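Just below is one structure, and these are the notes that go with it.
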Amino acid sequence: MATLKVSPRGAKRLKDGHVWVYRSDVVSAEGIAPGAVVRVADERGKFLGTALYSSASQIAIRMISREVVEDFDQLLRARLREAAAYRDKVVSDSNAYRLVFSEGDFLPGLIVDRYNDLLSLQILTQAMDAEPVRSAILSEISALFQPAGIVERVDARVRELEKLPPRSSGLLQGEKSTTVFTMNGVQFHLDALAGQKTGAFLDQRENYAAAARYAHGDALDVFCYQGSFALHLAEKCSQVTGVDSSRPALEAADRNSALNHREVEWIEANAFDLLRDYADAGRQYDTIVLDPPAFAKNKSSLATALRGYKELNLRALKMLRPGGVLVTCSCSYHVGATEFLELVAEAARDAHRSLRILESRTQAKDHPILGNVPETAYLKYLMAHVSY
Ligand code: SAH
């Protein structure tokens, strides 16, 4: 196995418990093949662990072990079994969850979601894309779950950036790419080859149930996608409206409401315009959910993103009746938890409302956050009781 040397700064990062070293901290990677499993050493040659190498990414290595890894195939299979065992402990009331969350499961570059009898995988790095690695992943996850279908979702841009040959999304195994899955007793249709992410926003699974605990009265689910929050709220609320700008998402949402015999009004609109119009028209709600897409995709778009979040929260707060509930989220890694709380608090001040924070939450436990890898924590979720 080749050895890759890292700078003192890279070595310190690893000693501090992080799992990435950037290209600028690689001292020598000469002759190392794209996607290779490498020994990592400091400049003096002291062994620091084993990693997966990428010749293309700014993240040059992603650690897989503090030890020497003799057999990557075996390690990979053991990690997949461990990831499944972990889900048995942390997931309940759901046959859909993220089975493998990349670094969070010590399998950097691999994402696997389970939707009932289907598995959907995403491969993000050269190492995970290598043919023997792909076939080991497939054989191990098939043995664990005997799925009716395994689908691969390909993000063309990710493959391009990682200098991987183009591929298209499709079935890797089995015949089936559609199913029905259950979260918290609510059922959802899934077409594993359509939709965003791998088809659903599993990271909010525990948060849907949390929202349903406090939701009441007239409810508005803004950025509703295929209706997950709205359908969870429908059991508790007298009236629920879901808003999204994507027609296909709303068509799926409508099929989901029929499947659950829950009535929801779906509106296709730009959320910013709709909130402004509704606020101007003096509409009032008891529960509002804001779950926008990541506005800050990188640091440079942060200021604009913060303004976007602020505006949404301000408008929603103005429409909430006293005793109402605001559920507000941000899935931008670049917006910190403290920063998010501050902006929501600021919006409340501007809207002349007081907030009592009921719950401050994050992504569901099947999207594990590593204590020493802040990048694994991205979802912010605040639920607040609104009064004067
Ligand atoms: N709440 C959903 C996930 C929302 S993802 C869930 O838990 O499943 C973000 C959604 O925002 C997407 O469905 C996207 O279509 C929608 N969207 C993006 N920009 C929008 C805009 N300006 N107005 C309304 N919807 C928008």
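Between Gly170, Gly149, the distinction of being closer than 23 Å to Leu190 by Cβ, open to solvent by less than 20 Å² (accessible area, probe 1.4 Å) and free of Cβ contacts under 8 Å to residues at least 24 places away in the same chain belongs to Gly170 only. Taken together, Val68, Val38, Val27 contain a single residue that is outside any strand (DSSP E or B), in contact with a Ser or Thr (Cβ under 8 Å, 6 or more places away or on another chain) and at pLDDT 95 or above, which is Val68.
Pairing each residue of segment 348-367 that is of a type in the set (Val, Ile, Thr) with any residue that is part of a strand (DSSP E or B), provided the two are 6+ apart or on different chains, yields C-beta distances under 6 Å for Ile357/Ala384. Looking across segment 67-101 at every residue that is closer than 19 Å to Val40 by Cα and among the hydrophobic types (A, V, I, L, M, F, W, C), the one that is surrounded by the most Cβ atoms within 10 Å (Cβ to Cβ) is identified as Leu76.
Only residues that are within 12 Å of the ligand (Cβ to nearest atom), free of Cβ contacts under 8 Å to residues at least 60 places away in the same chain, buried (at least 18 other Cβ atoms within 10 Å of the Cβ) and not acidic (Asp, Glu) were counted in segment 226-249, giving 10. Can you tell me how many residues in segment 250-286 are open to solvent by less than 80 Å² (accessible area, probe 1.4 Å), away from the ligand (no atom under 14 Å from the Cβ) and touching a strand residue (DSSP E or B) at 6+ places or on another chain (Cβ under 9 Å)? So the count comes out to 6. Scanning segment 283-300 for residues that are farther than 23 Å from Met383 by Cα and either part of a loop (DSSP other than H, G, I, E, B) or in contact (Cβ under 8 Å) with a residue 12 or more places away in the chain (or both) returns Lys297, Asn298, Lys299. Considering each residue of segment 210-221 in turn, none proves to be in a loop (DSSP other than H, G, I, E, B), open to solvent by 10 Å² or more (accessible area, probe 1.4 Å) and modelled with pLDDT under 95. Selection within segment 309-358: residues that are of a type in the set (Ser, Thr, Tyr) and open to solvent by 10 Å² or more (accessible area, probe 1.4 Å). The member of this set that is farthest from the ligand (Cβ to nearest atom) is Ser354.
The values are calculated or read from the model by the stated rules, or taken from the named source; none is laboratory data. As the structure is a computational prediction, the values presented were derived from the model and not from experiment. Neighbour counts run over all protein chains shown; Cβ positions are idealised from the backbone, glycine included. The protein model used for the area step is the full one, side chains on, heavy atoms only, and it has no ligands, DNA or RNA in it. Shrake-Rupley method; radii C 1.70, N 1.55, O 1.52, S 1.80 Å.
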